[in-house]
Amino acid sequence: MNAVVQPASLLGFADAHARLGPTLPGGSSWQARRTRALAQLMQLGLPSQRDEAWKYAPIRLLEQKQFEPARVDERPDAALRESIESGALAIPAARRLTFLDGRFQPALSDEPATIDDVQLSMLPDELSANPAALLERIPAPGDRAEDRLALLNEAFLSEGVRVHVAAGATPAPLQLQFITYVEGRSRHPRVLIEVESGAHVQLIEQHIGRSSGQAMSNGVTNILLRPGAVLEHYLLIDPSAHDLALHGTYVEQLSDSRLVHHRVLMGGQLARASLQVKLAERGAAIELNSLALALNSDYADAHSVLNHCAPSTRSVERFRAAAGPGGRCVFNGRVHVHAGAPGSDSSQSSRGLLLAPGAEIDARPQLEIYTDDVKCSHGSTTGTLDEDMLFYLLSRGIDAATARGLLIFAFLDDVVARMGIDAVRRHLEQRMAATLPDAPAIREFL
């Protein structure tokens, strides 16, 4: 077998791992696991456009650039701290934790302790105090193309947070804010979310770009929902114009648990969010609402694999996208109904809006069904603004810019309006009104 020819970026990560690996927390057991993850990635190589899950992605942006892992001694200056505070998404009653280039920032955060039946612990502390427990708690990535960047995350796993919600708890919302700042650096944060039986929690996870040049964020979130648990999870990816913002979410749901997952991609040179869900026991359900914006040559890619592994499981997936000149949005969604999952109910809807010549939206909905007695459907449409609706608004005396803005806004708000936290919904509506073409004309309506 011919050896895999490694791109410069992967060779750079291997060199950084050789230098930094022995200094990361967790002792010999975690050093061995990180080394195995890197060796597995080196053998498999980075994902490429030959892989169906990465068919449309400009992966060359990752291959050609070497990103040095962010150093733990980098700290925010006063100007950056003021900028972070002034631009933060304010959610009433929410408890906020802020991470800069992967590193927890106590001065910009609420106290991470056991509050309202939620235990918060920083991963460096967990790795030092309970390395064996984390080895069992964090599942090892596989060797599929979708898992390659999770292997890279594991090779440098050292920063992040563990969130544990006690059984039956209904705590205040929790906000995790990950900020990318220093250009030329890579960050690999990890979030572990465990919601015990009967608990109900809202969690907002933001990945924000503030770098002046190109930077890379490669985050992974692991979610475990115990029987009857309910999690409303917001994943907001808002990179700088030149950033590579990559994220993978891995979910396991036990009996009668429910996940409502809101996923928003706000552009960037390469923004991609992958979701893999295992509906492992009877009655588990997920509602997935995704919004992707790619304006001014941006790339936004929403990938999902929903596995119905048990009887009477349910999934609902909605995807809405808008692409401007040179922008590209991608939806790659697969629903897999396994042989042991009769009574599964799944629906999938993908709709894309082309805002200008040169815009592109690629939708690839998929159903794989290996049992009888199921109810599954999917649909996909992509096009421009409805001329009849535009004519109707113009005939009612609304000017052209406002009419177009209203139609664009209403199309995308089909996803945003489903969000249960008012502050998040208003924040996204204001962002859309500030960035979409013709949308500024409707600010007075917000």
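Read-outs: derived from the displayed coordinates by stated rules, not from any lab. Being a predicted model, the structure only gives us computed values, none of them experimental. Here Cβ is always computed from backbone atoms with ideal geometry, including for glycine, and neighbour counts include all displayed protein chains.
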Seminar exercise, completed: Among GLU68, GLU52, GLU154, the residue with the largest mean-square fluctuation in a Gaussian network model of the chain built from Cα contacts under 10 Å is GLU52
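Test of understanding: ordering ASP438, ASP388 by Cβ neighbours within 10 Å, fewest first, what list do you get? Mind dumping the intermediate values first?
Values: ASP438 19, ASP388 7.
Fewest-to-most Cβ neighbours within 10 Å comes out as ASP388, ASP438.
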Exercise. Please state the Cα pair-distance histogram of region 340-446 with 10 angstrom bins from zero: what percent is in each bin?
Worked result: 12, 32, 30, 16, 8, 1
Problem set entry | For VAL330, residues with placed amide H under 5 Å, excluding near neighbours | ALA300, ASP301, ALA302, ASP362
Seminar exercise, completed: Which of ILE84, ILE208, ILE179 fluctuates most in a GNM of the chain (C-alpha springs under 10 Å)? That residue is ILE84
Exercise. Looking at the chain, what % of its DSSP beta bridges pair antiparallel, to the nearest 5?
Worked result: 5 percent
Exercise. Does a label point 7 Å from the Cα of MET389, set along Cα-to-beta-carbon, have any residues of region 338-361 with amide nitrogen under 16 Å, and which are they?
Worked result: 350-356
Exercise. Given springs between every Cα pair under 10 Å in a Gaussian network model of the chain, which of LEU279, LEU412, LEU80 has the largest fluctuation?
Worked result: LEU80
Exercise. By a straight-distance test (C-alpha under 28 Å), which lysines pair with LYS375 as possible cross-link partners, with residues fewer than eight away in the same chain excluded?
Worked result: LYS278
Problem set entry | Rounded, prolate or oblate (a/c below 1.5 giving rounded, otherwise prolate when a/b exceeds b/c) for region 386-446 by Cα gyration tensor | prolate
For this session: Could you run the Karplus curve 6.51 cos²θ - 1.76 cosθ + 1.60 with θ = phi - 60° over region 178-188 and give me ³J(HN,Hα) per residue in whole Hz, x for Gly and Pro?
Result: 9, 10, 9, 10, 7, 5, x, 9, 10, 10, 9
Problem set entry | Packing-based order for 252-262, 320-330, 389-399, 362-372, using average beta carbon neighbours within 10 Å, highest first | 320-330, 252-262, 362-372, 389-399
For this session: Starting from the amide H of THR249, placed 1.01 Å from N in the peptide plane, find each other amide H under 5 Å away whose residue is 5 or more places distant or on another chain.
Result: THR221, SER274, LEU275, GLN276
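Could you state the per residue volume, in Å³, of the convex hull enclosing the Cα atoms of the chain?
Residue-normalised Cα hull volume stands at 146 Å³.
Could you please report the charge total around GLY26, scoring K, R as +1 and D, E as -1 over all other residues with beta-carbon less than 10 angstrom from its beta-carbon?
Counting the neighbours of GLY26, the net charge comes to +1.
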Problem set entry | Cβ-defined net charge surrounding GLU429, 10 Å radius [Lys, Arg +1; Asp, Glu -1] | +3
Problem set entry | Length gained when the stretch SER29-THR371 is fully extended (0.36 nm per residue, less Cα-Cα span) | 119.0 nm
Exercise. Can you list the aspartates and glutamates whose alpha carbon sits under 18 Å from that of LYS55, skipping same-chain ones fewer than 8 residues off?
Worked result: GLU63, ASP143, GLU146, ASP147, ASP298, ASP301, GLU360, ASP362
